[in-house]
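A.B. asks: Mind having a look at this structure? Questions to follow.
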Amino acid sequence: MRGRDWINKILPDELILDIFRHLESKSSRDACALVCKRWLRLERLSRLTLRIGASGCPDVFIKLLARRFVNVRNVFVDERLSISLPVPLGRRRGADHSVISALKIHSLAEANGSEDNETESYCLSDAGLAAVAAGFSKLEKLSLIWCSNVTHVGLRSIAEKCICLKSLDLQGCYVGDQGLAAVGEFSKQLEDLNLRFCEGLTDAGLIKLVDGSGKTLKSISLAACAKVTDTSLEAVGSHCRSLESLSLDSECIHDKGVLAVAQGCPQLKVLKLQCVNVTDGALQGVGTCCLSLELLALYSFQIFTDKSLYAIGKGCKQLKSLTLNDCTFLSDKGLEAVAVGCTGLTYLEVNGCHNIGTYGLESIARSCTHLSELALLYCQRIGNFALSEIGKGCKFLQALHLVDCASIGDEAICSIARGCCNLKRLHIRRCYEVGNKGIIAVGENCKFLTDLSLRFCDRVGDEALMAIGEGCSLHHLNVSGCHQIGDAGIIAIARGCPELSYLDVSVLQDLGDMAMVELGEGCPLLRDIVLSHCRQITDVGLSYIANRCTLLETSHMVYCPGITAAGVATVITSCTNIKKVLVEKWKVSPRTKRRAGSIISYLCVDL
């Protein structure tokens, strides 16, 4: 009934709080907070996660947030992101005027172009971390990405006051050994630790951390820590018996360290290695000791051979995911050993392993019948017959990625289409033997396909997209650089795929306004569109997209001579949800820049 507030009258606080917790998007929660004072108060109580860009006086900003959201459990700070002020800079009843004054001063300094203390004002500092510690005592997850002004002093504040901390991400921070020692001393519930690109750390700091928090640690990531050696991994193996995930990217780690972890951490399930000095000996130890291993990723190994994969296949029977990236000396025999021993494999990526060919993939097809995702990148020796066998043996395949596989053509794609009817995602790039025949087979057989990418496949034309439009309901489509595709193909997609949300048609020289008109009519859910290098598209076609695709968030349209400043202005004014526009600078009028300068990006200054 009009004028009656039944929700607030009937529902208790506990039930409204439970409803708020089920809202997934931040915009929905913010909208609910604007309904009334009660909902504002309850929404603040239900907010568990904050994401903060460490720019624009973040220390003061965090103090303000700490007063508003008292039950926050997760805080993410990333200096690469920007923030907006949470309140207008005017006076408000009940506001903390000291905080707002500080934000005002900072805003005025920006407007006047002041560069005094520029680095300090734009970076989270130890004072900001102290505010996090004081304001969010229930904190469980803290992520500090590239917060270069944070030191061991701030990290100690967190460790002392946030005793429930379970996850700590210090990527790119300079916290030093003292900071890690403080975490080890106070954080007795720590489970996840990320120390990627933490320069200045040594064995001393990491050893103290695992000595104090090692019993609960389940995940450790290390990269580019030049002074962290095998000694640290020996400590991990001694103290972290519950460790389940280890990611290492280092030139200072050798077999000794990896073996120590393998022998000391029997519950290890995830192992990612990019260590050029690790050899067969370490991987053989993993195969012998890590019987629960489920994911193995090996990057840029120039030393080890098929002996490593023999050991993995023999011992790691639970392996489900295998990534082999630039592993020069691996061959078909090694991959066959994994296929025979790890029959539950569901994900396989082979990237730049030039000695792996058709026979190795045939072994996967015969033995790993539950394979759901396959990625082959720069595999010149893998041909059509290998994928034909995959089509026959791997009926549950849902995703296929092919990049620069010169020996794979229509015959292989037809076999995949006929055998893998559950295929949902197909990405093909620079496979010049793939043409209309293969993609038509996909459209006729793969009715669940929602994501299709055909980048720089010169033999794919309109006929292929017509079949896709008739047989599949795509959400994502990328046909960048497929020069034979024109209006007819995109019109077929527009009429057959009403749920399309992402479209990349860049570098299609024959695509014109007629296709844009059909997209505007047929794809109302379109959120992202890339039109760059489309010389036939003009302001007329763009206006149809802008006026009818009201959910549009991003638009890339550089090197489109038919699109002028008027077209850019139309996108800005018509698309209320627009977040990013990529265009030449000279196409942005002063009025458009004043209206939406923050969402416009420029590829070049002068064109």
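A.B. asks: Could you tally the net charge around CYS431, taking each other residue with its Cβ under 15 Å from the Cβ of CYS431, Lys/Arg +1 and Asp/Glu -1?
C.D. replies: Once all neighbours under 15 Å are counted, the net charge is +1.
A.B. asks: May I ask for the net charge around LYS333, where only other residues with Cβ less than 11 Å from the Cβ of LYS333 are counted and Lys, Arg are +1 while Asp, Glu are -1?
C.D. replies: Residues close to LYS333 contribute a combined charge of -2.
A.B. asks: So, in nm, how far is label HIS483 from label GLU160 when the simple model puts each one 7 Å beyond its Cα toward the Cβ?
C.D. replies: 6.7 nm
A.B. asks: Another question about this same structure. Which Rg and Dmax, in Å, describe the Cα atoms of segment 228-326?
C.D. replies: Cα-based Rg and Dmax for segment 228-326 come out at 11.9, 33 Å.
A.B. asks: Taking amide H atoms as placed 1.01 Å from N in the peptide plane, list the residues 5 or more away in sequence, or in a different chain, whose amide H sits under 5 Å from that of ASN478.
C.D. replies: LEU452, SER453, LEU454, ASP504
A.B. asks: How large is ³J(HN,Hα), in whole Hz, for each residue of segment 150-159 in order, when computed from phi with the Karplus curve 6.51 cos²θ - 1.76 cosθ + 1.60 and θ = phi - 60°, using x for Gly and Pro?
C.D. replies: Couplings: 7, 10, 5, 5, x, 5, 5, 4, 4, 4 Hz.
A.B. asks: Still on this structure: Find how much the distance from ALA226 to TYR359 grows on full extension, using 0.36 nm per residue of separation minus their present alpha carbon separation; answer in nm with one decimal.
C.D. replies: So the chain would gain 43.9 nm between ALA226 and TYR359.
A.B. asks: Let me ask another. Determine which lysines satisfy two conditions relative to LYS9: a Cα distance under 18 Å, and not lying fewer than 8 residues away in the same chain.
C.D. replies: Candidates past the 8-residue exclusion: LYS37.
A.B. asks: Would you calculate the convex hull of the Cα atoms in segment 344-489 and tell me its volume per residue in Å³?
C.D. replies: 82 Å³
A.B. asks: Run the reach check for LYS424 against aspartates and glutamates, Cα to Cα strictly under 15 Å, same-chain hits fewer than 8 apart removed. What comes back?
C.D. replies: Once the sequence-local aspartates and glutamates are set aside, what remains near LYS424 is GLU373, GLU444, ASP451, GLU499.
A.B. asks: As a test of reading the structure, rank GLU140, GLU43, GLU499 by solvent-accessible area (1.4 Å probe, protein chains only), most first.
C.D. replies: The ranking, largest first, comes out as GLU499, GLU140, GLU43.
A.B. asks: Would you mind counting up the charge near TYR299? Only other residues with Cβ under 13 Å from its Cβ, with Lys and Arg at +1 and Asp and Glu at -1.
C.D. replies: Summing Lys/Arg as +1 and Asp/Glu as -1 gives -3.
A.B. asks: Another question, if that's okay. By how many nm would the segment from GLN178 to CYS36 lengthen if fully extended, with 0.36 nm per residue of separation less the alpha-carbon distance?
C.D. replies: 46.4 nm
A.B. asks: Let me ask something additional. On a C-alpha basis, how far is the centre of segment 416-491 from the centre of segment 300-335 in Å? Whole number, if you could?
C.D. replies: 33 Å
A.B. asks: Run the paramagnetic zone check for TYR432: 7 angstrom along Cα to Cβ, then residues of segment 376-418 with backbone nitrogen under 16 Å.
C.D. replies: Answer for this model: 378-381, 403-410.
A.B. asks: If you take all C-alpha pairs in segment 292-375, what percent of them are over 22 Å apart?
C.D. replies: Details: 356 of 3486 pairs.
That fraction is 10 percent.
A.B. asks: Just to verify a number: what accessible area does LYS63 come out at with the full protein assembly present, 1.4 Å probe, Å² rounded to tens?
C.D. replies: 90 Å²
A.B. asks: Would you mind getting the Kirkwood hydrodynamic radius of segment 342-394 from its Cα pairs, rounded to one decimal in Å?
C.D. replies: Result for segment 342-394 stands at 10.9 Å.
A.B. asks: Leaving out ligands, DNA and RNA but keeping every protein chain, what accessible area does ARG425 have, in Å² rounded to the nearest 10, with a 1.4 Å probe?
C.D. replies: About 70 Å², ignoring ligands and nucleic acids.
A.B. asks: If you average 1/r over every pair of different alpha-carbon atoms in the chain and take one over that average, what Kirkwood value in Å do you get? List each step's numbers first, then the result.
C.D. replies: Values: mean 1/r = 0.0363 Å⁻¹.
About 27.6 Å for the chain.
A.B. asks: Another question about this same structure. Compare SER238, SER143, SER473 by solvent-accessible area with a 1.4 Å probe and give them largest first, with all protein chains kept in place.
C.D. replies: Per-residue accessible area, sorted high to low, gives SER238, SER473, SER143.
A.B. asks: May I pose another question? 7 Å from Cα along Cα→Cβ at both ARG591 and LYS317: what's the point-to-point distance in nm?
C.D. replies: 7.4 nm
A.B. asks: On a 19 Å Cα-Cα criterion, which of the cross-link pairs LYS320/LYS395; LYS269/LYS320; LYS141/LYS272 come out too long?
C.D. replies: LYS141/LYS272
A.B. asks: How big is the accessible area of LYS579 in square angstrom, nearest 10, if you roll a 1.4 angstrom probe over the protein chains?
C.D. replies: 130 Å²
A.B. asks: What are the aspartates and glutamates whose alpha-carbon lies under 16 Å from the alpha-carbon of LYS227, with same-chain residues fewer than 8 places away excluded?
C.D. replies: Cα-Cα hits under 16 Å: ASP177, GLU199, ASP203, ASP249, GLU251.
A.B. asks: Further question: Quick one: which of LYS317/LYS392; LYS166/LYS314; LYS161/LYS218 span more than 27 angstrom between C-alpha atoms?
C.D. replies: Details: LYS317/LYS392 23 Å; LYS166/LYS314 35 Å; LYS161/LYS218 22 Å.
Over 27 Å apart, Cα to Cα: LYS166/LYS314.
A.B. asks: Just how large is the dipole of the chain about the Cα centre, in debye to the nearest 20, putting +1 at every Lys and Arg Cβ and -1 at every Asp and Glu Cβ?
C.D. replies: I would put it at about 2400 debye.
A.B. asks: For segment 429-514, what Kirkwood radius comes out of the mean inverse Cα-Cα distance, in Å?
C.D. replies: 12.3 Å
A.B. asks: Order PHE76, PHE197, PHE385 by their accessible area, 1.4 angstrom probe, all chains in place, largest first.
C.D. replies: Correct descending sequence by accessible area is PHE385, PHE197, PHE76.
A.B. asks: What area, in nm² and to one decimal, does the C-alpha convex hull of segment 256-415 cast on average over all directions?
C.D. replies: Working: hull surface 31.1 nm².
Result: 7.8 nm².
A.B. asks: To continue, here is another question. Please list, in order, the residues from segment 506-533 whose amide nitrogen is less than 11 Å from a point placed 7 Å along the Cα→Cβ vector of LYS579.
C.D. replies: The answer is 528.
The values are calculated or read from the model by the stated rules, or taken from the named source; none is laboratory data. Owing to the predicted nature of the structure, the values given are computational and were not obtained by experimental measurement. For neighbour counting, all protein chains shown are included, and Cβ atoms are generated from backbone atoms with ideal geometry for every residue, glycine included. Ligands, DNA and RNA are excluded from the accessible area calculation, which covers all protein heavy atoms including side chains. Shrake-Rupley method; radii C 1.70, N 1.55, O 1.52, S 1.80 Å.
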